[in-house]
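First up is the structure itself, then whatever we jot down about it.
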Amino acid sequence: MKFDHIGLTTDEKKDDEDWVESSRVWVTNPKAHPFHIEWLRYEPDSPIKGPVREQPHIAFSVENLEEAAKGLDVLLEPFEVGGFVRAGFYRSADGAVVELMEYKGDGAAWFDK
């Protein structure tokens, strides 16, 4: 497991946001932030609810998503983002919201734009 980013929810528009239609959220590129912060700005009609939307999350890149997620409570089933990563959201034993990310190929095309 390798640290990837921290995700924080905001109501403020940020520079260089990208739109994710499936979750109806605007996101920033954490690789472009000096502290690897991903800002998430949800539209009111976003289907994302509960801890994933209401709490910050910490994200890790993993080699095998299913293996890394063993024993964790699923908050949001794994999904594909932009064809370069599969990610899922989980609750750790101590209550933290954790995103696990399995990159495809040689890395993160969206993050490297």
TODO: Just one of (1) under 18 Å from Lys104 (Cβ atoms); (2) within 11 Å of the chain's Cα centre (by Cα) trips up Glu63, so point out which.
DONE: (2)
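Yes/no per residue for (1) acidic (Asp, Glu); (2) under 14 Å from the mean Cα position of the chain (by Cα); (3) modelled with pLDDT under 95:
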{"site": "His5", "(1), (2), (3)": "no, yes, no"}
{"site": "Asp16", "(1), (2), (3)": "yes, no, yes"}
{"site": "Trp26", "(1), (2), (3)": "no, yes, no"}
{"site": "Ala32", "(1), (2), (3)": "no, no, yes"}
{"site": "Tyr42", "(1), (2), (3)": "no, yes, no"}
{"site": "Gly50", "(1), (2), (3)": "no, no, no"}
{"site": "Gln55", "(1), (2), (3)": "no, yes, no"}
TODO: Look through Asp11, Asp18 and report the one residue that is touching a strand residue (DSSP E or B) at 6+ places or on another chain (Cβ under 8 Å), farther than 15 Å from Glu99 by Cβ, touching a residue at least 60 places away in the same chain (Cβ under 8 Å) and not hydrophobic (A, V, I, L, M, F, W, C).
DONE: Asp18
Task: Single residue of the range 20-45 satisfying the filter (hydroxyl-bearing (Ser, Thr, Tyr) and surrounded by 15 or more Cβ atoms within 10 Å (Cβ to Cβ)) that is nearest to Pro78 (Cα to Cα) - done: Ser23
Task: Counted residues, the range 59-81 - those being exposed (fewer than 15 other Cβ atoms within 10 Å of the Cβ), touching a strand residue (DSSP E or B) at 6+ places or on another chain (Cβ under 6 Å) and closer than 17 Å to Lys2 by Cα - done: 1
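The values are calculated or read from the model by the stated rules, or taken from the named source; none is laboratory data. This structure is a prediction, so every number in the text was calculated from the model and none was measured. Here Cβ is always computed from backbone atoms with ideal geometry, including for glycine, and neighbour counts include all displayed protein chains.
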